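K.L.:
After the structure tokens below, expect a handful of questions from me.
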Amino acid sequence: MKQIIDRYDSHSKTLQKSEAPSQLQSHVDDSTCARLREELAESSLKLRQMRGEELQRLSIQQLQELEKTLESGLGSVLKTKSQKILDEINCLERKRMQLIEENSRLKEQVTRMARIERQLGADSEVVYDEGQSSESVTNASYPRPPADTDDGGSDTSLRLGLPLFNSK
């Protein structure tokens with residue numbers, strides 16, 4: 001019986017010891033929560049004041065400090081905005097230069113193709129499959145745009161080469 005009472009007493013003491021820190025922890029949590037609520041309220045008020053709300057309670061000195069803070073923030077915003085605009089301009093300038101280079105390369109390629117076509121037209125004979133006319137070969141290779149003549153006559157021109165070098 002004595003052993004049972006001793007175990008009960010030791011167990012009760014253990015429970016009391018474990019309850020004391022939880023009460024202390026609860027008090028610490030409450031004070032932390034209260035402090036955070038105060039900080040939140042203060043920060044909310046400052047934010048509203050930065051938006052131009054609830055300024056009536058501020059003194060002239062507080063208004064000047066607020067103005068200085070806002071001017072500093074505006075300066076940072078303008079600086080960041082200017083930098084982003086300059087970065088975008090530089091990016092667009094690089095793209096412009098790439099497009100100019102690509103355009104030059106394509107013009108050179110078209111010029112080479114035109115030169116090759118002229119050489120082929122002047123230097124070589126056209127070999128047709130059996131039963132093909134020169135018109136069917138030309139039409140199959142380079143389709144002719146629709147005739148846009150007003151006199152209603154037939155188109156008798158010979159078209160060789162790329163369609164963008166047509167005589168019309």
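Taken together, the values in this text are just the output of simple stated rules run on the coordinates, not laboratory data. Just so it is clear, the structure is predicted and the values come from calculations on it, not from any experiment. Glycine gets a Cβ as well: all are built from the backbone with ideal geometry, and neighbour counts include every protein chain shown.
K.L.:
Charges only on Cβ, +1 for Lys and Arg, -1 for Asp and Glu: so what's the dipole of the range 29-119 about the Cα centre, in debye to the nearest 20? Show your work: numbers first, answer last.
P.N.:
Values: 18 positive and 17 negative charges, 186 e Å.
Taking the Cα centre of the range 29-119 as origin, the dipole is about 900 debye.
K.L.:
Step through the residues of the range 104-121 one at a time and calculate ³J(HN,Hα) from phi using the Karplus curve (6.51 cos²θ - 1.76 cosθ + 1.60, θ = phi - 60°), rounding each to whole Hz and writing x for Gly and Pro.
P.N.:
3J(HN,Hα) across the range 104-121, in whole Hz: 4, 4, 5, 4, 5, 5, 5, 4, 4, 5, 5, 5, 5, 5, 4, 5, 5, x.
K.L.:
What is the spin-label model distance, in nm, from Leu99 to Gln56 if the labels are put 7 Å beyond Cα along the C-beta direction?
P.N.:
My value for the distance between the label points is 5.7 nm.
K.L.:
Test of understanding: what is the full-extension gain from Glu65 to Ser12, defined as 0.36 nm times their sequence separation minus their Cα-Cα distance? Working shown, then result.
P.N.:
Values: separation 53, 0.36 × 53 = 19.08 nm, distance 5.97 nm.
Full extension of this stretch gives 13.1 nm more.
K.L.:
Now a separate question. Please compute the length gained on full extension between Lys46 and Met1, using 0.36 nm multiplied by the number of residues separating them and subtracting their Cα-Cα distance. Write out the running numbers ahead of the final one.
P.N.:
Numbers: separation 45, 0.36 × 45 = 16.20 nm, distance 6.79 nm.
Gain on extension, Lys46 to Met1, equals 9.4 nm.
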